[in-house]
Amino acid sequence: MHMKYLSFASLVALTVSLCPLYSNAQILRERAQGFATESVDFSPDGKRLLVGSDAFDATDVTIAVYDADTGDEIYSIAEGVPVTSAVFSPDGTLFVEGYFDGTVRVRDASTQEIVATFGGHDSQVFAVDFQPPHGAMVVSGANFGDIKLWDVATGQNVATSEFGDGLFAVWDLQFSPDGTRIAAVGSKQVKVWETANLATGQEIFALEDDNQGNFEGPESVRWSHDGTMLVAGYDEGAIRLWDVASESLVSTLEGHSDEINSLDFLHTGKVLISGSDDETVRLWDLDTESLIATIEPAVPFTDCNVESVRFSPDGSRFATADCFDRIALWGSAQWIDVPTSISDDTFPTEVVLAQNYPNPFNPSTAITYTLDWSGPVQLSVYDLTGRIVSTLVDGVQPKGHYGIRFSAENLPSGTYLYRLHTGAELITRVMTLLR
């Protein structure tokens, strides 16, 4: 039996090879092949998951919001037109949707009411994003290469630029974390504009191929959380990381065999997740430039692309979506340590033992807990006879948020209890090992 304590001082990659794509995931939805979930995004507080999907008629669900903790659907909307991209606003009160018919809509996340509709694109919208930090602007990119900036309050198109003179689609785009720049991908380039100067059409810089035409076109792009790096996923399956200040290529990650549809950074900047047309999800250690894990289907599918991947804001989970309109939630601690830092205004005020994730599990699961004071802590796992089968933590810990991975490789299927004892508090929860 192997237990991995998650130290929040450093990130240590776990050695994981191939595993079935959905054996350790919580499945929120699954429909027949032909449908595809094109976009997933966590709310800023990590409590909701926004999903944008294909549609074949007016009754098909194209927008759905889920409770990220329970997996329950909060609501769904049938617009009758495929949604290619959907993103929460920085405060989580709104979300923006990009549509296959060229429209962009901003919706109230609570009332579901459309608060703005932008209709200036003449082709399919493939990517949308809200401007940090306040969400005053929305940017959208379309099939004919036009990038448009919209004022959410007035509904006005305040700037338009062209990517490659309209010859190349804008496949993906994103505001920088401070909102002052926009990165977009199309043709064989990653281009970056100053948000304030988008209307001039002059980018700050373009991250070109290797000047020998050996790079195929990029399909996805993402800023690091500190804004110093850009990562792009390419048609041939390579992932390239660029230093923004020097405009130089610093790393190439190879392993995928087909185009990269989606990328995301862990909030620490040390781990990258990628989803590809080769039907796999991969996790990468950026410090060592090495592969942590390849997550692939239990049964190979035909053209079942992984369309979208996203880490939750705190990194404790990630979401994946594929061509079966299958939406899956994962506990990150199955593969990686997730560091947690606590600032003065986020010190915990109570002791909490969270439900393990995933549950049921096989063979490992993540257990997280919160301490509101410093002192002795014991976290143990029991079978139903009351016998301790594993002691995960036994020592003194300061107040804070903690996580641990429990592996039940040598235990039989069944129901188990896990108990957190702090001296002042005794909390017990139930989990199920299902082989």
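Coordinate-derived values only; no laboratory data. Note that the structure is predicted; figures quoted are calculated from it, not measured. Note: ideal-geometry Cβ built from the backbone for every residue, glycine included; neighbour counts use all protein chains shown.
Between ASP151 and GLN124, with labels modelled 7 Å along Cα→Cβ, what's the label distance in nm to one decimal, could you check? Using points 7 Å along Cα→Cβ, the separation is 3.2 nm.
When the Kirkwood radius is taken over all Cα pairs of region 344-433, what Stokes-Einstein diffusion coefficient follows at 25 °C and 0.890 mPa s, in µm²/s? Result for D is 182 µm²/s. Counting only Cβ charges, +1 for Lys and Arg and -1 for Asp and Glu, the dipole size of the chain around its Cα centre is about 1720 debye. When the scattering of region 49-118 is computed by the Debye formula from its Cα atoms alone, each counted once and equally, what is log10 I(q)/I(0) at q = 0.17, 0.18, 0.22 Å⁻¹? One equal scatterer on each Cα of region 49-118 leads to -0.56, -0.63, -0.94. Between THR385 and THR70, the C-beta separation translates, for a Förster distance of 35 Å, into a calculated FRET efficiency of about 0.70. Taking the empirical scaling 2.2 N^0.38 Å for compact globular proteins as reference, region 187-292 has a Cα radius of gyration ratio of 1.05.
For the pair ALA206 and LYS399, label points projected 7 Å from Cα toward Cβ lie 5.5 nm apart. For the chain, the residue among TYR66, HIS225, ALA199 whose Cα projects farthest onto the positive side of the dipole built from Cβ charges is TYR66.
Computed extension gain for THR117 through LYS47, at 0.36 nm per residue and net of the alpha carbon distance, reaches 22.6 nm. Comparing TRP150, PHE163, GLN131 along the charge dipole axis of region 83-206, the residue lying farthest to the positive side is PHE163, per the Cβ-charge model. Counted over region 233-336 with a bin width of 5 Å, the fraction of Cα pairs per bin, in whole percents, is 2, 13, 25, 25, 20, 10, 4, 1, 0. When +1 charges are put on Lys and Arg Cβ atoms and -1 charges on Asp and Glu Cβ atoms, the dipole computed for region 344-433 relative to its Cα centre reaches about 300 debye. Taken over the chain, the ratio of Cα radius of gyration to 2.2 N^0.38 Å equals 1.00.
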